[in-house]
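The values are calculated or read from the model by the stated rules, or taken from the named source; none is laboratory data. Because the structure is predicted, anything quoted here is derived from the model rather than measured. Backbone-built Cβ (ideal geometry, glycine too); neighbour counts: all protein chains shown. All accessible areas refer to the heavy atoms of the entire protein, side chains included, with ligands and DNA or RNA removed. Shrake-Rupley method; radii C 1.70, N 1.55, O 1.52, S 1.80 Å.
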Amino acid sequence: MENTITIIKVIGAGIVSGLAYLFGGMDMIFCVLIWLITIDYITGVINAIVQGKLNSEVGAKGIAKKVGMLAVVAISNLISQYAGMDIRTFVIGYYIANESISILENAGRMGAPIPKRLMDILEQLKKGEDDDI
């Protein structure tokens, strides 16, 4: 039994180490992205329940989209390491803005009031505009 637990720990440590290398570590910006991905998915499910449109196919597409986003983050991290430029932070920042907008849209569809100025700022971040923020 003790050998089995040790093997599980070694495998787990290997997986975590591989993911840390692939995504560039678990720094604050990546943690923010992971939390926003989670919140966006949860608010999307709640929104679908409220509107009576809960569908497993739509949910699966949402998960596939999130996995695709993480794949792009991994690619940007590997390119960042190769090129010596921090492309990863830019990509994660784009996805943070995108997920934030999606969360606000979900909340708005559920009836929560959303400040227009906040939506405007996030839209500018998503588009990469830096004037009039």
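Ligands, DNA and RNA left out, the 1.4 Å accessible surface of the chain is 69% carbon and sulfur atoms. Rg over Rh for the range 16-76 works out to 1.07, using Cα positions for both radii and the Kirkwood form for Rh.
What FRET efficiency, computed as 1/(1 + (r/R0)^6) with R0 = 41 Å and r the Cβ-Cβ distance, is obtained for residue 54 and residue 29, rounded to the nearest 0.05?
On the way: r = 32 Å, r/R0 = 0.78.
The computed FRET efficiency comes out at 0.80.
Descending by average beta-carbon neighbour count within 10 Å, the peptides 1-7, 54-60 line up as 54-60, 1-7, the highest first.
From the alpha carbon gyration tensor of the range 57-133, can you work out the equivalent ellipsoid semi-axes (sqrt of 5 times each eigenvalue) and give them in Å, largest to smallest? Numbers along the way, then the final one.
Values: eigenvalues 138, 78, 7 Å².
Calculated on Cα positions only, the semi-axes equal 26, 20, 6 Å.
If you take the alpha carbon atoms of the chain and fit the smallest convex hull around them, that volume is 146 Å³ per residue. Local charge for residue 27 was computed over the other residues whose Cβ lies under 14 Å away, with Lys and Arg +1 and Asp and Glu -1, and equals 0.
What is the local net charge at residue 68, summed over the other residues whose Cβ is closer than 15 Å to its Cβ (Lys, Arg +1; Asp, Glu -1)?
Working: positive: 61, 65, 66; negative: 40, 99.
Here the charged neighbours net out to +1.
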